Amino acid sequence: MGFPRGRRRLVLAVAVLLAVAAVAVVVHRVLAPAEVSTPAHGDYPAAPRPAAGVIGRLPVAPLIVDGTLRVYAAHRQVYADRPVDGRYRTTPYWSYRRWPAELTGVVASGSTVVSRWSDGRLVALDASTGRVRWRADGPKPTESRAVARRTGAAVVWDPRGLHLTDLTDGRTVVVVSGDAEARGVEVNGGQQLWRVDLPGRCRSDVGTTDGGQLIGLDRCAGPAAVEFRDAATGAVRERWRPPGGSDELVVTPLGCRTGWSDCQALRTAGPGDEAGRGWLVGVGEPVAAPALDPAGATVVGEQAVVVLDGVAVGRSVRTGAELWRRADLGVARVLAAQPGRVHLLTEANDLVTLEPATGTQLSRFPLEVGRDGTGWLPGAVGAEGGYVAVERLRRPVDPAGDDRRYYLTAEAVVLAAT
């Protein structure tokens, strides 16, 4: 004997409904927007003082934060490890994950780590605990056509449309921009200071100045112009074109504190202008700085440093007067700079660190770790807190190749203390 036909149908219908409900619950739990915060366990580490030399190698690009932590970017996660001078990546000290949004940029000011996500959300984390300090809405990022590489260097060292700048009153502002709008948000507390509409992709942000301005390149109406926007109010202070500037103007920030944030100068160039011209930025229009004209020149404090015909030269960035020269370094080029240090990379992949005011050598060593050798070419570079991290690319570089062909090894980033 069995159930009557009508009862069997009822039982079957109930079973189907229960199954559908169970699937719906699972789908909701898996696909519903969510965030997972795993705060730090253990004491906040003190900032170490490692000896100059190679520290180790990492599979992903580190953002050095507060001199104590390394912060990394994953597809949908920002996380940190310790110690900052650890030879390898370790178990996360803290982690913050969102779903289904993707992580598009990370910047840090002091002990605050600000992350930007594909839905426009800004989330600030306390570097010492990993806990959320504040959340704010922002414009959705401009879609990038660049290849997303596994090291995440573009997210932590070159976050497009996400910049920091310090105001004269001591506040720090994170400026976030997309195609249609830009906003200024105070790092301490997440208060929105301003919001402005933007004309679209004919205008792009290239960095911020160390005097509290957002640098934009506007090609929307007439000849290309450089736009300087007040990071405290969002108002445009200056619109400027270099004398004889091309409509296909290219603008590159120089002397930035980190990434393209808090920059002292910029270089402008156009078609046929191989090196371009250097300019100091401040209040009012940029001031010509011929010491920054040569390709590869950078500025650190009041000094411009460049390698010309195999000789490293330091000059006053304002007067052009030569301060020092070093002809004993061999074939080299300027790799990166940070306050009090300028880093050169030799043809043999030795990292040479000089004091920019005097040219005094602070350290020199080969960027070699394990048995990897030095037969590689440098990719993206990050320099912060006395540390330098360099992507190592396989020779010859194949920009269109997959990551296994593009990078030297699975642990492609070499980290050094200088």
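In this structure, Ala101 does not satisfy being modelled with pLDDT under 95 and under 24 Å from Arg201 (Cβ atoms). Within region 238-259, take every residue that is more than 21 Å from Ala289 (Cα to Cα) and open to solvent by 40 Å² or more (accessible area, probe 1.4 Å) and give me the one that is modelled with the lowest pLDDT. My answer is Asp247.
When Gly211 is tested against (1) more than 22 Å from Gly161 (Cβ to Cβ); (2) under 22 Å from the mean Cα position of the chain (by Cα), exactly one condition is not met: (1). In the set (1) open to solvent by less than 70 Å² (accessible area, probe 1.4 Å); (2) modelled with pLDDT under 95, the condition left unmet by Glu285 is number (1).
Here the strands (runs of 3 or more DSSP E) wholly within region 232-337 that include at least 2 residues being more than 20 Å from Val175 (Cβ to Cβ) are 261-269, 277-280, 298-300, 303-308, 311-316, 322-326. Candidates in region 388-418 are the residues that are among the hydroxyl-bearing types (Ser, Thr, Tyr) and open to solvent by 10 Å² or more (accessible area, probe 1.4 Å); of these, the one that is farthest from Val71 (Cα to Cα) is Tyr406. Picking from residues in region 344-378 that are of a type in the set (Val, Ile, Thr) and either touching a helix residue (DSSP H, G or I) at 6+ places or on another chain (Cβ under 7 Å) or not in a loop (DSSP other than H, G, I, E, B) (or both), the one that is surrounded by the fewest Cβ atoms within 10 Å (Cβ to Cβ) is Thr346. Looking at (1) without any contact (Cβ under 8 Å) to a residue 40 or more places away in the chain; (2) more than 15 Å from the chain's Cα centre (by Cα), which one does Ala182 not meet, given that it meets all the others? So the condition that Ala182 fails would be (1).
Only one of the numbered conditions (1) closer than 15 Å to Leu125 by Cα; (2) at pLDDT 95 or above; (3) among the aromatic types (Phe, Trp, Tyr) is not met by Tyr44, and that is (2). Does Ala231 satisfy the criteria of being among the small types (Gly, Ala, Ser), closer than 27 Å to Gly340 by Cα, surrounded by 17 or more Cβ atoms within 10 Å (Cβ to Cβ) and modelled with pLDDT of 95 or more? Spelling it out, Ala231 is indeed among the small types (Gly, Ala, Ser), closer than 27 Å to Gly340 by Cα, surrounded by 17 or more Cβ atoms within 10 Å (Cβ to Cβ) and modelled with pLDDT of 95 or more.
Set side by side, the residues Val299, Val381, Val334 differ, and just one is of a type in the set (Val, Ile, Thr), over 23 Å from Gly67 (Cα atoms) and either open to solvent by 30 Å² or more (accessible area, probe 1.4 Å) or modelled with pLDDT of 95 or more (or both), which is Val334. Scanning region 190-212 for residues that are open to solvent by 30 Å² or more (accessible area, probe 1.4 Å) and part of a loop (DSSP other than H, G, I, E, B) yields Gln191, Pro199, Arg201, Cys202, Asp210, Gly211. If you check Arg237, Arg241, Arg160, Arg229 for being in contact with a helix residue (DSSP H, G or I) (Cβ under 9 Å, 6 or more places away or on another chain) and closer than 23 Å to Gln264 by Cβ, only one passes: Arg160.
Yes/no matrix, rows are residues, columns are (1) out of contact with any Asp or Glu (no Cβ under 7 Å at 6 or more places or on another chain); (2) without any contact (Cβ under 8 Å) to a residue 12 or more places away in the chain:
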site	(1), (2)
Gly310	yes, no
Arg315	no, no
Arg326	yes, no
His343	yes, no
Thr360	yes, yes
Ala383	yes, no
Val390	yes, no
Tyr406	no, no
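Looking only at residues in region 165-182 that are open to solvent by less than 40 Å² (accessible area, probe 1.4 Å) and not small (Gly, Ala, Ser), which one is farthest from Asp137 (Cα to Cα)? Result: Leu167.
The values are calculated or read from the model by the stated rules, or taken from the named source; none is laboratory data. Given the structure is predicted, the values throughout are model-derived calculations rather than measurements. Positions of Cβ are backbone-derived with ideal geometry, glycine not excepted, and every protein chain shown enters the neighbour counts. Just the protein is used for accessible areas: all its heavy atoms, side chains included, with ligands, DNA and RNA removed. Shrake-Rupley method; radii C 1.70, N 1.55, O 1.52, S 1.80 Å.
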